[in-house]
Amino acid sequence: MSGAAWAVVVGAALLLVLGAVLWGSRTAALGRRVGSFACALADDPAGPWSRGVAQYGATRLYWWRRASLLPRPARVWTRAGIAVLEREVLAADGVPTGVVVARCRVTAERHGTAGEVHLRMSSEAYAGFTSWIEATPSRVGTVI
């Protein structure tokens, strides 16, 4: 193999390693954020499901894809734009698995369009999620 071919192979290997390091760093950083939890998302209950991490903000819920290098969240919803329509506790052989699928009506912050999504999370994360939604400040226009 010539020197140029070796340089291409080494360069490609370095790019692959750099991509893996960036992805691992991003994944670890998302998981360590305050208010973050593992949350899969699907537009249809039959799937396909996208694994990800959700994080509560003061007024927004941010959702990042797990398999992405983008620095911004894939979806952002305002707290006032999220409503849980129903929930289902998944079971295996009649035994609850501790996983909850919540069907939610959401309004996308970027587009302002309403739609439905399905969020799959642990029962503990679901309890925190519904508490966060219910803890929204009053929508009264004036403060006395």
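The values are calculated or read from the model by the stated rules, or taken from the named source; none is laboratory data. From a predicted model like this one, the values you see are computed outputs, not experimental measurements. In this analysis, Cβ positions are derived from the backbone assuming ideal geometry, glycine residues included, and neighbour counts consider all displayed protein chains. Please note that ligands, DNA and RNA were not included when accessible areas were found on the heavy atoms of the full protein model with its side chains. Shrake-Rupley method; radii C 1.70, N 1.55, O 1.52, S 1.80 Å.
Sorting the segments 94-101, 52-59 by their residues' average number of neighbouring beta-carbon atoms within 10 angstrom, most packed first, yields 52-59, 94-101.
Against the criterion of solvent-accessible heavy-atom surface with a 1.4 angstrom probe, E134, E86 sort, most first, into E134, E86.
For a paramagnetic label modelled at 7 Å from the Cα of T130 toward its Cβ, which residues of region 56-80 fall within the zone defined by backbone nitrogen distances under 18 Å? Only 80 pass the distance filter. With a Förster radius of 35 Å applied to the beta-carbon distance between A58 and A12, the computed FRET efficiency rounds to 0.20.
Database remark: amide H of R66 closer than 5 angstrom to the amide H of R51, G52, V53 (H placed geometrically; neighbours at sequence offset of 5 or more, or on other chains; Pro and chain starts carry no H).
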